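Report on the following structure.
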Protein chains: 2
Amino acid sequence: MKRWVIGADLGGTLIRAIRTDLDGRKLARAEIKTQAQEGPEAILGRIFEVIGQACEGTDLSEVLGIAIGAPGPVDEQGRLFDPPNLPGLREVSLRERIQDRFQVPTFAGNDGNLAALGQLRFGAGQGLEHLIYMTIGTGIGGGIISHGKLVIGARGFAAEIGHQTLDPDGPICGCGQPGHLEALASGPNIARRALERLDEGASSTIEQYREAGNELTGKSVTDAARHGDELALELLTEAATYIGLGLVNLIHILEPQRILLGGGVSQAGELLFEPIRQTVHDRVMSPVFRGVEIQPAALGKDVGLMGAVALVLERSSLN
Amino acid sequence: MKRWVIGADLGGTLIRAIRTDLDGRKLARAEIKTQAQEGPEAILGRIFEVIGQACEGTDLSEVLGIAIGAPGPVDEQGRLFDPPNLPGLREVSLRERIQDRFQVPTFAGNDGNLAALGQLRFGAGQGLEHLIYMTIGTGIGGGIISHGKLVIGARGFAAEIGHQTLDPDGPICGCGQPGHLEALASGPNIARRALERLDEGASSTIEQYREAGNELTGKSVTDAARHGDELALELLTEAATYIGLGLVNLIHILEPQRILLGGGVSQAGELLFEPIRQTVHDRVMSPVFRGVEIQPAALGKDVGLMGAVALVLERSSLN
């Protein structure tokens, strides 16, 4: 009898896995450093290791399935295209290699897409048919649920929702293109804007981070905003306005019922959500689009792992 | 036995209807002026009239279904929200009224969404799972097919793909918001840019249209470009660049296999398609997105009507 599901997540820093029952209750977890510089076979070995640890004490014949999420464009075979921090994995089918190793049905997908599925099944989007999940952190990504199903596109590369051009004259994105939402509102961008403003002579409590020799991050700006720092509040509002414009595009294109925001920058809470909601209210093309709910995502740091569990359950006929 | 399908289209100028067999072969057609100023009940009367004409000589019990497309946000009941040229229809369910009148299952939708469905079943997107249709004319709209199904969103308002912000400092769109694709690349916008450039002293054969007292349109610019007019070519390329940027956003969000372009402006052909394809090639975030085909739509002026027929066939269990 099938009793367990394994969800795994391959990140640039950590590889993680959990084991849950068929209702998504977490029963075991494991993690290990990725050490990507050691190359694809070493990474695969460590993926096997954490999955093995998550399965410890169980019979593999009782595992319904395994799913693994990974960053950037990932096809359904679990091949990573252009992984910025995980070179050398383009020719490797994670799906096939894991399935061969454990002899358990295995699935793979982009971590943002899986996170959306996790929100739908276990998180803040349960019962909805039309849902967008956006993570705003070092980068901006996400996933789309439309008519109750995950939208992965022709080969699994869809929902790169941080890579919308919002300003053709804007800063260059990590992907090399100008003016993407990610380049205007990600954590590192908020920090970069803070440094620019300080260099221009703005006065702010953020200055103390630099004076103490600390690296300025999106979180430093958010913390300062919470303490009422005016420059920090202004920068958060600026980022929120771009996020709001990106959400308006997505609302016009997909008409979701709800949008969930996760990732480090979303931890700023109402300081970010309030100006995002205001921008959406003001900038939709018609009042018919004003009903879309914009809320914090659930599941915290396990969003990707629970998304992988949700993928197994979605793809398994048992369910 | 069910033998016929009725597709209808409510436009600001004309109401049209066709009757086809279950394979989409056209057997009858009818049209009438909308005369929207006479109000919703008069419009409904004329809708009944053209549908009646398209059904002439058949037994209504042999009609599988009727579908009607209409511009702007339209819900599944066929209520028109914010119809710019069709005031007063917000409270009227076209679906219900037509169904009551003819006693035949009736469906309704946005004309751009239906056109995408028409391309999928009868046009230039047959056999595909992931398809975007964009019409570029007086406005810019379209429809999305994802995983083989029409994406209509929570209430039927999705796929307003002309209303993406591409330049926050851009011209004001017909919807009232700044810098939308529609405000940067629709026919009237291309004409407006031409007038601006002439006023700034640009030299062009387009000037003769003004001198002859003719209204300058997108088509005048396209015609001049075909004859090698440099300003006209520059303006088309400018519009194509914005269209390309809008398509790149859609490619990143939805990863279609093919994008089909229709509408009056698309008649410019390669003068428009070549710079669009170049922009897409240059501006996608990763080479994995370069394989998307960008081609002319099929079905000409009947695209909306054939889309309505496709909607009946999609929604009818017979099929």
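Any read-out appearing in this document is the output of simple, stated calculations on the displayed coordinates, not a laboratory observation. These numbers were taken from a predicted model, which means no experiment stands behind them. Here the Cβ positions follow ideal geometry from the backbone for every residue, glycine too, while neighbour counts run over all protein chains shown.
For the reader, a short list of remarks on this structure follows.
- Shape category assigned to the protein assembly as shown from the gyration tensor of Cα positions, a/c cut at 1.5: oblate
- Cleavage-rule hits, trypsin sites (Lys or Arg not before Pro), the stretch A:84-191, DSSP coil, Cβ neighbours within 10 Å at most 15: A:Arg90
- Per residue, the Cα convex hull of the stretch A:71-180 amounts to 125 Å³.
- Positive-end residue of B:Pro275, B:Ala115, B:Leu235, charge dipole of chain B with Cβ unit charges: B:Ala115
- Pairs of Cα atoms farther than 26 Å apart, the stretch B:127-297, %: 28
- Förster-model FRET efficiency, 60 Å R0, B:Lys149 and A:Ser203, C-beta, rounded to 0.05: 0.65
- Debye, to nearest 20: dipole size of the stretch B:197-291, +1 on Lys, Arg Cβ, -1 on Asp, Glu Cβ: 520
- Counting DSSP beta bridges with both ends in the stretch B:127-297, the antiparallel % (nearest 5): 55
- Helix A:303-315 vs. chain A, principal-axis angle (Cα, 0 to 90°, nearest 10): 50
- Between the residues B:Ala159, B:Gln103, B:Pro87, the greatest Cα displacement towards the positive end of the dipole of the stretch B:28-169, with unit charges on the Cβ of Lys, Arg, Asp and Glu, is found for B:Gln103.
- MRE, 222 nm, helices only [DSSP H, n ≥ 4, -39500 (n - 2.57), over chain A, to nearest 500]: -12000 deg cm²/dmol
- Taking 0.36 nm per residue of separation and subtracting the Cα-Cα distance, full extension of the segment from B:Arg90 to B:Ala212 would add 39.8 nm.
- Under the convention that each Lys and Arg Cβ holds +1 and each Asp and Glu Cβ holds -1, the size of the dipole of the stretch B:75-154 around its Cα centre is about 140 debye.
- Size of charge dipole - the stretch A:126-297 - debye, nearest 20, with Cβ of Lys, Arg +1 and Asp, Glu -1, no other charges: 680
- When the protein assembly as shown is described by a simple charge dipole with +1 on each Lys and Arg Cβ and -1 on each Asp and Glu Cβ, the residue from A:Leu14, A:Gly187, A:Leu313 located farthest towards its positive end is A:Leu313.
- Averaged over the residues of peptide B:278-291, the number of Cβ atoms from other protein chains lying within 10 Å of each residue's Cβ is 4.
- Put a dot 7 Å past the Cα of A:Thr13, heading toward its Cβ, do the same for A:Arg226, and the two dots end up 1.8 nm apart.
- Take each residue of peptide A:165-175, count the partner chain Cβ atoms within 10 Å of its Cβ, and average: the result is 4.
- Judged by the ratio a/c of the largest to the smallest principal axis of the C-alpha gyration tensor, the stretch B:31-79 counts as oblate, that ratio being 1.5 or greater while a/b is no larger than b/c.
- Each part gets one Cα centre, and for the stretch A:122-177 versus the stretch B:1-46 those centres are 39 Å apart.
- Partner shielding of A:136-147 amounts to 2, given as the average count of beta-carbon atoms from other chains within 10 Å of each residue beta-carbon.
- GNM flexibility winner over chain A from A:Met134, A:Met285, A:Met306 (Cα, springs under 10 Å): A:Met285
- Net +/- balance of residues flanking A:Arg277 in space, Cβ distance below 13 Å, scoring K and R +1, D and E -1: -1
- Global form of chain B, assessed from the alpha-carbon gyration tensor, a/c cut-off 1.5: prolate
- For chain B, the longest principal axis of the C-alpha atoms and the axis of helix B:187-199 are separated by about 20°.
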